[in-house]
Structures are given as structure tokens and as C-alpha cells.
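The values are calculated or read from the model by the stated rules, or taken from the named source; none is laboratory data. Quick caveat: nothing in here was measured; it's all calculated off a predicted structure. Here the Cβ is made from the backbone with ideal geometry for all residues, glycine too, and neighbour counts use every protein chain on show. To get the accessible areas, we keep the full protein, side chains included, count just its heavy atoms, and leave off ligands, DNA and RNA. Shrake-Rupley method; radii C 1.70, N 1.55, O 1.52, S 1.80 Å.
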Amino acid sequence: MTSPEHLANRDIDSSILEPVPEPPARAQVVIVGGGIIGSSIAYHLTKLGITDVVVLERVRLTAGTTWHAAGLVSQVRGTHALTQLSRINTATYEALPDETGVDTGFRRVGSLTVARTPGRMQELRAAADMHRESGVECRVLEPKQVLDWWPIAHVDDLAGATVTPTDATVNPGEAALSLAKGAHDRGAVFAFGVTVTGFRMQGGAVTGVETNKGVIDAETVVLASGLWTSELARLAGTSVALYPAEHVWVMTDTVPGADERFPILRDLDGYLYVRHHAGHLVVGAFEPKGKPKAPKDVPTDGFVEFGEDWEHLGPVLAAARERLPVLHTVGFQHYLRAPESFSPDGNMHVGEFPEVRRLFVAAGLNSQGIIYGPGVGKALAEWIVEGHPTMDLTGVDIARTGDWANNRAWLHEKTHETLGRLYAMHWPSLQPDYGRGVRRTPFLPQLREAGAAIGEAAGWERAAWFEPGASEEPSWNYDFDRPSWFAPVGEEMRAARTGVALFDLSTYAKFLVQGPDAVAGLQRLCTSDIDVAVGRVVYTLLCNERGGIEMDPTVTRLAEDRFLVLAPTLYQRRTEMLLRNGLPPGAALTDVTSAFATLHVAGPKTRSVLGALTDQELSNGAFPFLSAREIDLAWAKAIALRVSFTGELGWELLVPTEFAADVFDKVVDAGRAHEIRMAGAFAFDGLRLERGFRSWGHDIGALDDPYAVGLGFAVRGDKLDFVGKEALAKLKDERRDRELVSVKLDDPAAMLWHGEPVVMGSDRIGYVTSGAYGHHLGAAVGLAWIRGVMTTDLPVSVEIRGTKVRATISREPFYDPKGVRLRV
């Protein structure tokens with residue numbers, strides 16, 4: 001460990017980049033932002049052969065947030081997809097000095113994470129599973145073993161810990177400079193003192209950047225501008241939901257016993273981290289209630305600090321002194337309080353803007369820019385060069401976040417918690433506390449009255465589960481095995497399987513496609529035959545030219561030239577992009593999500609309930625599966641679709657919002673004689689997993705083809721040309737190296753959520769994409785990717801927080817009621 005440690009370095013010598021006083025008049029790629037992310041994108045673009053790159057920076061390299069980063073480098077994150085983005089960081093930072101001549105200060109000191117509670121220890125065991133899945137060493141420690149790594153720590157209150165010996169620290173400024181130097185050596189140009197004032201557009205694509213030093217024509221523009229990215233996106237007529245917050249670390253005076261070999265110490269329950277720095281300790285905070293900072297209140301002259309605020313840091317500092325008693329006796333020489341940018345859901349924003357072609361973003365790193373810098377730069381560079389993502393970026397794709405979320409007042413409120421959520425307990429289904437109530441279905445008051453526990457999804461307030469007769473909203477008591485909703489969700493699922501259940505599906509994204517070219521446009525986009533009789537519902541796929549699944553909506557033909565498209569709640573903006581960018585001018589697209597509320601009635605007794613509210617014949621003959629009718633429903637007109645994601649007889653009922661509350665009351669009244677049960681999102685998810693139904697964004701995505709995920713039935717290869725047809729024809733008969741299958745645990749006490757490794761002996765052969773408890777099956781059930789040759793008799797297990805639980809896998813769902821040919 002010979003490299004000196006540098007933090008808060010304002011004196012990075014960026015003259016080695018030979019910055020130009022005036023930017024060139026044109027470039028193939030313009031990157032706005034000279035921090036770790038912009039430098040990494042330039043580095044990887046030039047490595048891929050795109051050398052006509054210009055990096056613009058308003059001040060100079062690292063002046064935004066990179067300069068004050070703590071330099072922590074962790075290789076594994078909470079999901080497989082995020083780990084793909086973080087996994088290359090240590091190798092990159094370690095190799096850069098030999099390539100560029102600029103030392104990154106790389107020190108492979110490792111990282112140690114301690115748990116104060118049994119729940120946190122379970123979380124750490126799950127993280128250890130992910131490390132092993134990723135080929136990164138991670139050891140589970142008893143409390144006393146922590147002293148082998150941090151002998152000056154207090155450990156008597158701990159439940160345990162994990163250590164990752166190969167994690168590291170770097171000098172953030174030098175790491176960015178080293179990446180920038182690599183880009184410069186291959187031809188990239190850096191221009192400092194340049195302020196972007198606008199963008200040039202033509203035909204829905206960006207064509208240039210307007211600056212205080214003139215216009216730069218460009219084929220591609222990347223916004224990697226940290227907390228300023230949202231403001232720049234507004235200039236381009238598009239949206240990035242991120243907002244600044246204060247991030248704090250303090251540096252002690254010299255600490256007796258501090259050793260440069262100490263690993264990074266994370267005490268997540270204390271909302272703090274500690275690292276060694278030249279004989280001192282740096283204590284950083286991710287406090288549970290952060291301090292948002294309006295963009296207009298952040299100076300633009302670079303290297304910004306806001307001064308000391310010891311009162312705000314007090315609770316975290318007290319927790320740090322509990323963990324490291326030596327902090328009671330040492331002083332502090334530097335209090336750093338500076339801006340970082342945070343996103344509402346805690347994930348970064350990466351990708352091409354849906355509204356503006358060839359305009360890309362990489363921002364909102366949530367104080368993890370050093371961790372993700374190399375991977376994000378590589379991912380975005382490959383996307384730009386290849387024209388599409390080369391890895392699973394669904395969870396970070398800018399298209400996941402709707403324009404509604406880019407409201408400064410809402411973001412200010414929301415950002416109080418997003419900083420602290422990085423270190424909060426990551427319970428399954430953990431709900432946000434701030435920014436609630438922004439989107440409400442018309443049924444929300446009635447759902448609350450019926451005993452709903454209200455959860456949040458894409459800003460929507462929706463029922464998660466119900467406790468009928470409750471005098472107040474049910475409590476969210478989290479647990480990895482038996483959370484507070486376990487029993488009531490079981491009752492809701494049993495009602496759907498044996499009686500009748502009522503769901504609110506109003507949050508679904510809904511679009512009308514209409515006009516003379518509606519049929520032709522949808523036929524071109526969809527893999528299924530959309531030119532069906534009026535009143536038919538088609539489950540279909542929107543694929544890309546490579547055969548990957550971009551979305552899996554239902555399309556209902558309402559008239560000769562009018563179609564209704566329904567898509568998942570979380571992907572409203574993405575679905576709109578796919579349709580708007582793919583439809584011809586003669587097909588008009590209208591987002592009608594807010595125009596219709598949706599009730600879903602499901603279960604064997606559904607006909608009895610709805611039969612009391614409509615004169616429409618509901619028999620199989622009169623109203624067959626995958627058909628649609630406009631019907632009188634109570635005192636309203638409704639679009640009734642005979643489809644169900646539960647695997648049971650059911651109808652989705654779309655009602656104009658002004659009629660919704662009255663229809664709800666009348667459905668409930670009609671259902672009392674049949675013991676109708678209100679049911680929420682958790683039961684809905686459990687039912688669909690028992691039935692083996694795929695969910696886009698969880699189980700399937702743009703890198704997966706229909707045949708690998710069991711959706712080949714939705715591809716009509718004999719149809720005239722459609723997007724992806726040629727690729728799908730080749731994929732159909734190809735031997736594939738992995739397959740999406742159903743999985744069920746043999747032990748009824750165990751639980752599945754997401755990401756658990758699937759193992760066979762000592763071999764890791766896949767992982768769970770989504771899981772829930774299958775109350776009808778009496779065991780946890782889910783979907784999983786399996787690598788290699790799949791047979792149902794494989795002796796597989798699922799690794800759950802360090803324990804292997806025997807499981808059964810199957811291409812067919814574990815629940816398939818007789819006579820129900822459900823694919824939707």
C-alpha cells in the first residue's frame with residue numbers, strides 16, 4: 001500500500017489533459033460533465049474506437065461531486081444487474097495506472113459490514129450469497145472475529161458481520177483523472193469553463209449543444225452532469241428525476257491505533273461508514289433524514305462546501321462513537337458537507353431519453369459514483385456504439401421513471417429519505433415514508449375503509465393487502481420469512497382460488513392507438529396477430545430487432561381503427577416511448593391511464609357477482625376467454641376484458657374515473673352474498689407466480705427472447721414483417737444456454753423474494769427472478785433462470801441467506817386449473 005491517500009482534493013492537475021480554450025465546432029459524441037462518470041464514458045468510448053469525443057465541464061475536472069467522494073469501492077450490489085455494473089470497478093482502478101501513468105490510489109483493503117440486529121444479519125447473509133454468486137469472496141463473521149479486522153471496534157452489541165477482503169479504496173479525483181487521461185491519449189478532447197445553455201434538435205433527435213462558447217454539432221450527446229443533469233434535461237424538453245442533498249463526512253485528527261490495513265467499516269444500523277486516511281479516520285453519514293438542497297441554492301463555481309452542521313450529524317456521530325470508542329477522545333480536522341444527487345427510487349439513471357433520440361444520460365448515482373463509475377461508463381459506451389443495451393439495465397433505465405416524478409417540490413420532499421435509504425434495512429417490500437400520496441386511484445378512500453394497507457408503486461397509492469374490520473390501517477411489520485401480511489395475503493389468495501376476490505388495477509398503464517394506420521402500425525410492432533375481430537384481446541410482445549422482449553402488453557381491438565393497449569404500472573413512460581417511436585403518422589397515440597379506473601374480479605364465483613350488475617351474458621359461449629365487450633355495469637358503461645393474471649376466471653373492468661367510486665360500491669354490495677374478499681398487490685403477485693406468469697422488468701427484459709422465457713406462443717412467425725421477425729426465426733431453433741422456469745421450495749417454512757441463487761451441488765446454475773409464498777400450493781414459489789440443460793428431476797436447491805433449501809423446477813406452472821387456458 002504505497003500510494004498516498006487523497007480525499008477532498010481540489011488540486012487535481014488536469015493540465016495533462018491539454019484542455020482546449022474553445023471547444024471544436026463538431027464532434028461525434030459530446031459529453032456534458034467532467035466527473036468520474038463523464039470521464040469513464042469518454043474512456044470506454046475511445047477504447048471502443050469512438051475517438052471523436054468532446055468532454056465539456058463548466059469548471060474543471062471533478063469540480064462537481066467527484067472531488068469530495070469518500071473513495072469506497074465495493075464490487076457487489078443488491079441485484080445481479082447492479083452487480084454487473086459494479087463488478088469491474090476494482091480491476092479497472094487497479095489496472096489504470098499502468099495504462100495511463102496516473103495513480104488512482106488503489107488500495108485493496110477490503111470491506112467489513114457489521115450487524116446490530118438479527119434482521120440486519122439476515123440481510124448480510126443474503127448479501128454474502130450474492131457475493132458467492134458473483135465469484136467474490138465474502139466471509140460471515142461472529143462478533144468477536146470483527147476484532148481481527150478492526151481491533152479498536154466495540155463488538156459486544158453485534159449480531160455478526162461479513163467481510164469482503166478484495167474490496168478497496170481509491171483517491172476519487174485521481175481515479176477520474178486516470179480515466180480521463182486514458183480517453184485523452186486516444187483522442188478525446190476536454191474543454192473547461194464551458195456552460196451548456198441549450199440543445200439543437202431535428203426530427204426528434206439531438207443534433208448539437210449550445211454553449212457560452214458557441215454551438216457544437218454532435219451526433220450523440222450525453223448528460224453526465226451530476227446534480228445539474230435534471231436542469232439540463234429540461235432545456236432539452238425531457239426529464240430526469242433527481243435532486244441534490246447534502247452528504248457529510250468528517251475527518252478526525254490522528255487516531256492512535258489506526259492502521260492503513262483497516263478495511264472499510266460499514267455500520268449500516270448506525271447509518272455510517274468509516275475508512276482509514278493517512279493515520280486519520282473518515283466517518284461518513286447516510287442519515288435516515290437527509291437534507292435536500294434546491295438546485296438554485298447550490299453554487300455553480302465548483303468544489304462547493306456548505307460548512308459545518310454538527311447538530312445534524314449528532315446522532316450518526318453518537319453511533320460512530322458506540323462502534324469506535326476512540327472517537328470520544330479525538331478531535332476532528334475537517335467537516336465536509338457538500339452536494340450529491342439522489343433519485344427517488346435509489347437507482348441511477350442511465351440510457352437514451354425516450355423523448356429525444358441520441359440524447360443519453362448517466363446521472364443520479366446516489367453517492368455511489370466511484371463504485372459504479374467504470375461499469376456505467378462501459379455500459380453507456382457500449383449502448384452508444386452498438387445502438388442498444390448490452391447488459392440488463394432495466395432497473396436503471398431512464399425510461400422507468402415517469403415525467404410526473406420530475407417535480408422539484410415533490411423531489412425536495414422525497415429526497416429527505418433517499419439518502420438514508422442506502423443504509424436502511426432493505427426489507428422485502430420496504431415502503432417509502434416521504435412523498436406519499438402523489439398519485440391516487442379513485443378507489444383509495446374505499447380501499448382504506450375496507451382495511452387496506454396502502455403501498456406505493458410508481459408514485460401510486462395502492463392496496464398491498466387487507467385486514468377487514470381493522471380500526472386503523474394495518475401495520476407494516478417486515479420480516480424475511482413471515483411479515484405481517486403473510487396470513488391475510490393467504491386468505492386473499494384462497495378467495496381468488498375458491499371463491500371471488502376484488503382487485504384494484506387502476507395503476508396499469510393504458511393507451512389508445514387509433515387512426516387509419518393503427519392496424520398496420522401495431523402489426524409492425526407486435527409479434528402476435530393484431531388484425532383480429534373487434535372485441536378480441538391479444539397478449540403480445542414488442543420485440544427489438546435482435547428478438548429481445550421490450551414489453552409484453554395486451555392489445556384489445558375496440559373498433560376497426562381503435563385499440564386499447566395495457567402495460568405494467570412501472571413502465572408507463574417506456575411503453576409510451578415504444579409505441580410513439582414505432583407507430584406511423586396515421587396512428588394517433590393517447591395515454592388514457594388517468595381516464596379509466598380498473599377493477600378486477602377473479603375467482604370461480606365471478607360470474608355470480610357480475611351477473612347481478614349487468615345484463616351482458618357472461619357464459620363461455622357469449623363472453624369467451626380473451627374477448628372484450630362494452631357493457632352496462634351497475635350505473636356505468638365499462639370496457640370488460642375477460643382476462644386474468646391470477647390464473648382464474650376473471651374480468652378486468654375499465655370504468656371512466658367519474659363513475660368509478662359508485663361502481664366499486666355496487667360490486668362490493670353484489671359480492672357480499674358470495675363472500676367477496678378485497679385483495680391487494682401482494683396476493684396478485686403470489687397468484688401469478690403460482691400460475692407461472694412472467695412479469696416484464698422482473699423476470700423478462702430486452703435481452704431475453706420469447707423462446708427462452710416460455711413465451712414462444714406469442715410469436716406468429718407466419719405473419720408478414722414485424723420488428724424482430726428475422727432474429728426470432730433464427731432464435732426459435734437455436735440451442736440456448738439458459739431457460740426461465742418455475743421453481744417451488746420443498747420446505748413449506750422457507751420463503752422466496754428475489755435474487756436467491758439456485759444451486760446443484762457445488763455448482764451455481766441460476767437465480768430466482770421473483771418469488772412469493774404460494775398459499776394454494778403450500779410453499780414458496782417463483783420463477784428462476786437456469787443455466788445448462790434443464791430437466792424437472794435436477795437435484796436443485798435454492799440458497800437462502802446461507803442455507804440450501806431443496807427445490808423443484810418445472811417448465812410448466814405448478815398451478816394450472818383445468819379448462820383455463822390462461823396466458824395473460
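When A69 is tested against (1) within 17 Å of S341 (Cβ to Cβ); (2) in contact with a Gly (Cβ under 6 Å, 6 or more places away or on another chain), only condition (2) is not met. Show the residue pairs meeting these rules: Cβ distance below 6 Å; 6+ apart or different chains; first residue within the stretch 276-303 and more than 23 Å from P4 (Cβ to Cβ); second residue open to solvent by 20 Å² or more (accessible area, probe 1.4 Å) and of a type in the set (D, E, K, R). Listed pairs, sorted by first residue: P295/E231. Close contacts from the stretch 122-151, counting a first residue that is part of a loop (DSSP other than H, G, I, E, B) and a second that is of a type in the set (G, A, S) and open to solvent by 10 Å² or more (accessible area, probe 1.4 Å), with Cβ to Cβ under 8 Å and a gap of 6+ residues or different chains, come to C138/A127; P151/G257. Looking for something within 16 Å of L223 (Cβ to Cβ) and open to solvent by less than 50 Å² (accessible area, probe 1.4 Å) - is there at least one such residue anywhere in the stretch 404-427? Scanning the stretch 404-427, I find at least one residue that is within 16 Å of L223 (Cβ to Cβ) and open to solvent by less than 50 Å² (accessible area, probe 1.4 Å), so the answer is yes. Filtering the stretch 581-606 to residues that are open to solvent by less than 20 Å² (accessible area, probe 1.4 Å) and closer than 27 Å to W651 by Cα leaves V592, T593, A597, T598, L599, H600, V601, A602, G603, T606.
For the stretch 626-642, the candidate set comprises residues that are in a strand (DSSP E or B) and not small (G, A, S); within that set, the residue that is most open to solvent (accessible area, probe 1.4 Å) is E630. Among the residues making up the stretch 174-206, those that are part of a strand (DSSP E or B) and surrounded by fewer than 17 Cβ atoms within 10 Å (Cβ to Cβ) are T197, G198, R200, M201, Q202, A205.
Among the residues of the stretch 284-337, which ones are among the hydrophobic types (A, V, I, L, M, F, W, C) and within 22 Å of Y434 (Cβ to Cβ)? A285, F286, A294, V298, F306, L313, V316, A319, listed by residue number. For the stretch 555-570, enumerate the residues that are open to solvent by less than 20 Å² (accessible area, probe 1.4 Å) and either modelled with pLDDT under 95 or not small (G, A, S) (or both). Scanning the stretch 555-570 gives V555, T556, R557, F563, L564, V565, L566, T569. Screening E617 against (1) out of contact with any strand residue (DSSP E or B) (no Cβ under 7 Å at 6 or more places or on another chain); (2) free of Cβ contacts under 8 Å to residues at least 40 places away in the same chain; (3) assigned to a loop (DSSP other than H, G, I, E, B); (4) closer than 30 Å to L689 by Cα leaves a single unmet condition, (4). Within the stretch 317-333, the set of residues being crowded, with 16+ Cβ neighbours inside 10 Å and in contact with a Pro (Cβ under 9 Å, 6 or more places away or on another chain) comprises V326, V330. Of the set (1) of a type in the set (S, T, N, Q); (2) farther than 25 Å from R691 by Cα; (3) in contact with a Pro (Cβ under 7 Å, 6 or more places away or on another chain), all apply to T498 but (2).
Scanning the stretch 457-477 for residues that are open to solvent by less than 60 Å² (accessible area, probe 1.4 Å) and assigned to a strand (DSSP E or B), we see that the one that is nearest to R400 (Cα to Cα) is A457.
Does the stretch 498-511 include one or more residues that are part of a strand (DSSP E or B), farther than 23 Å from V781 by Cα, touching a helix residue (DSSP H, G or I) at 6+ places or on another chain (Cβ under 6 Å) and not aromatic (F, W, Y)? Yes, the stretch 498-511 contains at least one residue that is part of a strand (DSSP E or B), farther than 23 Å from V781 by Cα, touching a helix residue (DSSP H, G or I) at 6+ places or on another chain (Cβ under 6 Å) and not aromatic (F, W, Y).
Set side by side, the residues T46, T113, T104 differ, and just one is under 23 Å from F262 (Cα atoms), crowded, with 20+ Cβ neighbours inside 10 Å, of a type outside the set (D, E) and over 25 Å from the mean Cα position of the chain (by Cα), which is T104. When G710, G717 are checked against the criterion of being open to solvent by less than 70 Å² (accessible area, probe 1.4 Å), at positive phi and of a type outside the set (F, W, Y), a single residue qualifies: G710.
Can you confirm whether the stretch 78-93 contains a residue that is open to solvent by 20 Å² or more (accessible area, probe 1.4 Å) and assigned to a strand (DSSP E or B)? No, the stretch 78-93 contains no residue that is open to solvent by 20 Å² or more (accessible area, probe 1.4 Å) and assigned to a strand (DSSP E or B).
Please work out which residue is nearest to S594 (Cα to Cα), limiting yourself to the stretch 643-666 and to residues that are under 32 Å from the mean Cα position of the chain (by Cα) and part of a helix (DSSP H, G or I). Checked the stretch 643-666; the qualifying residue nearest to S594 (Cα to Cα) is T657. Residue count for the stretch 207-227, restricted to those that are surrounded by 23 or more Cβ atoms within 10 Å (Cβ to Cβ), not hydroxyl-bearing (S, T, Y) and not in a strand (DSSP E or B): 2. Restricting to the stretch 769-801, count the residues that are in a loop (DSSP other than H, G, I, E, B), surrounded by 13 or more Cβ atoms within 10 Å (Cβ to Cβ) and either of a type in the set (V, I, T) or modelled with pLDDT of 95 or more (or both). Residues in the stretch 769-801 being in a loop (DSSP other than H, G, I, E, B), surrounded by 13 or more Cβ atoms within 10 Å (Cβ to Cβ) and either of a type in the set (V, I, T) or modelled with pLDDT of 95 or more (or both): 5 in total. What tally of residues in the stretch 488-498 results from selecting those that are open to solvent by 10 Å² or more (accessible area, probe 1.4 Å) and farther than 18 Å from L447 by Cα? Count: 3.
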